[in-house]
Every structure is written in C-alpha cells, then in structure tokens.
1. So if I check each of Ala105, Ala123, Ala76, which one is open to solvent by less than 50 Å² (accessible area, probe 1.4 Å), modelled with pLDDT of 85 or more, among the hydrophobic types (A, V, I, L, M, F, W, C) and over 18 Å from Val216 (Cα atoms)?
2. Looking at this structure, is Ala162 open to solvent by 30 Å² or more (accessible area, probe 1.4 Å) and of a type in the set (A, V, I, L, M, F, W, C)?
3. Return a yes/no flag: does region 88-98 have any residue that is at pLDDT 85 or above and buried (at least 18 other Cβ atoms within 10 Å of the Cβ).
4. Please go through (1) closer than 25 Å to Met79 by Cβ; (2) in contact with a Phe, Trp or Tyr (Cβ under 8 Å, 6 or more places away or on another chain) for Leu201 and return the number of the only condition it doesn't satisfy.
5. Provide a single number: the residues in region 69-95 that are touching a Phe, Trp or Tyr at 6+ places or on another chain (Cβ under 6 Å) and either over 12 Å from Ala132 (Cα atoms) or of a type in the set (Asp, Glu) (or both).
6. Is at least one residue of region 204-225 in a helix (DSSP H, G or I) and over 30 Å from Phe154 (Cα atoms)?
7. Give the residue that is farthest from Ala209 (Cα to Cα), with candidates limited to residues of region 231-243 that are open to solvent by 70 Å² or more (accessible area, probe 1.4 Å) and touching a Leu at 6+ places or on another chain (Cβ under 9 Å).
8. Residue by residue through region 75-98, note down the ones that are in a helix (DSSP H, G or I) and either free of Cβ contacts under 8 Å to residues at least 12 places away in the same chain or more than 21 Å from the chain's Cα centre (by Cα) (or both).
Amino acid sequence: MALGGSNIDAISFSAIRLASGAITLFIFITVSRKHALSYKRKNWISATMLFLYVVAFSLAYLSLDAGTGALILFGAVQMTMVFGAIRSGETPGGVEWLGIAIALAGLVYLLLPGLSAPSPAGASLMLASGMAWGIYSLRGRQAEQPLEDTAANFITTLPMIAVISLVSIPWMHASTEGIVLAVVSGALASGAGYVIWYMALSGLTTTRAAVVQLSVPVLTALGGVAFLAEIISGRLILSSVMILGGIWLTIIGHSAE
C-alpha cells in the first residue's frame, strides 16, 4: 500500500519503518523497566543485516511485481538458512528435504500467475534482502533476551538510517498516508513482529525456522480473502495444502529420523 503508488519513496519508507520500530521497542522497555539495553558487538552485525533486509526489500519492489519478488525473497531465505543449518552440522534428513521441496513447489504454484521476468537490479536487491533476513534469523537463534536484543538491533540501525537519508534527500517524498503506513509497518509488523520471531526461533531447528516462513504467503493470501474480499480460489486451496503440508513434513521429519 505504501510503495505501490506515490505515497512515499523507498528510502523514506525504510527509514521511518526502522526508526518507528526502534522508538516503539525503546519505549516498551523503558516503561517495563525489566531489563536495561546492552549494546554488544553482535548488535552491529545483526543490525546491519536488518538494515540491508529492509532497505533492499523496499528498493527491489520498485522494479518487481509482488509474485516474483516474493519468490526470490523466500527462495533466498531458504537457501541461506538451509546452508547455515548444514554448515553448523544440522543436516536436514530425507523427510525434511521432501517437506522443503513440497513447500517450495506450493509457493511457486501460488505465485505462478503473477510471475514475470525480473529486472536484474530488482532481482539482485531482493536476493540480497532475502540473504540478509536469513542471516538475521540465524543469528536470532542465539538471542537470550528477544525483546532487548531486537530493540538493540533496531536502535543500532539509526546511524545507518541517518547516512542513507542524508544521501537520498533529493529523491525523498512522503504523504501523510505513506508516513502512517511506514510507522504502522515499523512499530507493529516489524518491531513487535520481530520480537515474536526471535522468541519463536529459540524453539526451532534452523531447518524448521527456514521452512516455516513459507507460511507467510499463505497467511497473506488468506488476509486478502478476509479483509479485501478477495476470492478463495482452487489455486489458493491447493497451494496452501502443499505449503502447509510441506511445513508439517519438515517439522515432524527431524523427530521421525
């Protein structure tokens, strides 16, 4: 909604998204006063990955359609996290590989009507975005305090936001609607959402954490049905069964083997 029209440019959207997430989480921690924020070296690495994910994602969608962008993004996330699992000695078993393959096939089938040949620049940016998110998620598996670690990551992006915003001033523009959408995206979908994601990662293997994210396009499609009066199609039903079935196989596969 924010980037599809002329409501806001990609850099302004990214900057407001990250800044609003940082402010929201900082306020929440300050009010709760359960823990103090601590900045460690690891925050800079995770924060850089978060920054790259958000900025590259926004810039990529300027030249990609939704289906193609989602396929590249989730493919890159899977590739990065499965590689990370193998590198750490967590090699997926046969059932898990089957689950991954079925879920990815379901994703392709779901997005197939909207796929088109991507622009090289857009594809490269979305690939970088997916890899950055994969690394961010891999690092989140060691998060001891999900709320504090996520807040520190967002706050550590602020100097990066300042630099890219200064460089991009001549091209920046934003309507009231665009700003509101960026704030909501940052405070709720990103800030609060990524805290929950870090909490979930502690109970998942790397392979499971990678493939479970393929449920996002299904949830998005179902949200379109619930809130935008979109039609429940046979394609949506079949692809949802494939994706969720593949996720289920991946979840039970590790225990079965």
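The values are calculated or read from the model by the stated rules, or taken from the named source; none is laboratory data. What you are looking at is a predicted structure, and each value in this text was computed from that prediction instead of being measured. Reconstructed Cβ throughout: ideal geometry from the backbone, glycine too, with neighbour counts over all protein chains shown. Surface accessibility is based on the protein's heavy atoms, side chains included, excluding ligands, DNA and RNA. Shrake-Rupley method; radii C 1.70, N 1.55, O 1.52, S 1.80 Å.
1. Going through Ala105, Ala123, Ala76 in turn, the sole match is Ala123.
2. Yes; evaluated as a whole, the condition is true for this residue.
3. Yes, because at least one residue in region 88-98 is at pLDDT 85 or above and buried (at least 18 other Cβ atoms within 10 Å of the Cβ).
4. (2)
5. 1
6. Within region 204-225 (the criterion being in a helix (DSSP H, G or I) and over 30 Å from Phe154 (Cα atoms)), the answer is yes, since at least one residue qualifies.
7. Ile232
8. Selection gives Phe83, Ile86, Arg87, Gly94, Val95, Glu96, Trp97, Leu98.
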